[in-house]
Amino acid sequence: MRVTHYQRVLLKLSGEVFGGGQVGVDPDVVQKIARDVAEVARSGVQVAVVTGGGNFFRGAELQQRGMDRVRADYMGMLGIVMNCLALQDFLEKMDVETRVQTAITMGQVAEPYIPRRAIRHMEKGRVVIFGAGMGMPFFSTDTVAVQRALESKCEVVLVAKSGVDGVYSADPKKDPSATKYDDLTYDEAIGKGLAIMDQTAFTLCSENRMPMIVFGLDTEGNVLRAVQGEKIGTLVHP
Ligand code: UDP
């Protein structure tokens, strides 16, 4: 057992989780994620979520195919918002109160990003879903997850992955000799060039002593297990 039972957590869900490996949103998959998030919220733990958007667009990929990077990144950020709305929908159907806050103002669909209000929502038991990344091109939602966790005073960043259950010495899908780490430091993760989060996110966590747990989302109930300090996935720490 890892001893810590967290009270306020930030969950990072990458875009590919929402698409179930496809472009767009797979409602069955989102429902399953919502069930996991709802379970944590009902346990009394305060939850914020940052979603990615790679199931729609990644700016760098569109740039390689001839688009202007800045415009492509804004497309990426708009894709992220669709994931937020899908997650919000399934959570609300499960009677979990939610608020979506976006870094790009879009009053008809979400609140603007107001950190102190986000904290207040969480204190009232609402799940806060942060969308549209940082609102700025050239960033990734990994970095946003850490920034939002720090600003809203979360105790840990939970990085839920699809198809992999922690941090490995190499990509386990490509290298069968890859071994999983139970825990490792940020210096080790950066030094070994482990690509589970981008380097800016690792550095931000490291400098601000924010722990991170990387675990698999494929087993139902894993988010709650991570929150309750069960030894799943990989703990990355300062
Ligand atoms: N993005 C951005 N600024 C941000 C966050 C995201 O420009 O603060 C854009 C960027 O183009 C990125 C895309 O949104 O590729 C989707 O985000 P990300 O790649 O982090 O999603 P994930 O890999 O987690 O699905």
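The values are calculated or read from the model by the stated rules, or taken from the named source; none is laboratory data. All of these numbers come straight from a predicted model, not from anything done at the bench. Note that we place each Cβ from the backbone using ideal geometry, even for glycine, and neighbour counts take in every protein chain shown.
Values for this structure:
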read-out: Checklist (1) among the polar types (S, T, N, Q); (2) within 16 Å of the chain's Cα centre (by Cα); (3) more than 15 Å from the ligand (Cβ to nearest atom) applied to Thr4, failing item; value: (2)
read-out: Conditions (1) assigned to a loop (DSSP other than H, G, I, E, B); (2) closer than 21 Å to Gly15 by Cα: number failed by Val157; value: (1)
read-out: Of all residues in the range 203-219 being over 15 Å from Gly166 (Cα atoms) and not polar (S, T, N, Q), the one that is surrounded by the most Cβ atoms within 10 Å (Cβ to Cβ); value: Cys205
read-out: Every pair of residues 6+ apart whose Cβ atoms lie under 6 Å, when the first sits in the range 219-238 and is free of Cβ contacts under 8 Å to residues at least 60 places away in the same chain while the second is in a loop (DSSP other than H, G, I, E, B) and surrounded by fewer than 16 Cβ atoms within 10 Å (Cβ to Cβ); value: Pro238/Arg209
read-out: Candidates Gly15, Gly79, Gly59, filtered to the one that is touching a residue at least 60 places away in the same chain (Cβ under 8 Å), more than 19 Å from Ala118 (Cα to Cα), touching a strand residue (DSSP E or B) at 6+ places or on another chain (Cβ under 9 Å) and within 8 Å of the ligand (Cβ to nearest atom); value: Gly15
read-out: Odd one out for Ile213, checked against (1) part of a helix (DSSP H, G or I); (2) touching a strand residue (DSSP E or B) at 6+ places or on another chain (Cβ under 7 Å); value: (1)
read-out: Residue check, Lys93 over 26 Å from Gln46 (Cα atoms), surrounded by fewer than 23 Cβ atoms within 10 Å (Cβ to Cβ) and among the basic types (Lys, Arg); value: no
read-out: Test: Pro172 is under 22 Å from Gly19 (Cα atoms), more than 18 Å from the chain's Cα centre (by Cα) and at pLDDT below 95; value: yes
read-out: Selected residue (only one of Thr98, Thr105 is without any contact (Cβ under 8 Å) to a residue 40 or more places away in the chain, hydroxyl-bearing (Ser, Thr, Tyr) and within 28 Å of Gly44 (Cβ to Cβ)); value: Thr98
read-out: Criterion: of a type in the set (Gly, Ala, Ser), at pLDDT 95 or above and at positive phi - qualifying residue of Gly221, Gly131, Gly193; value: Gly221
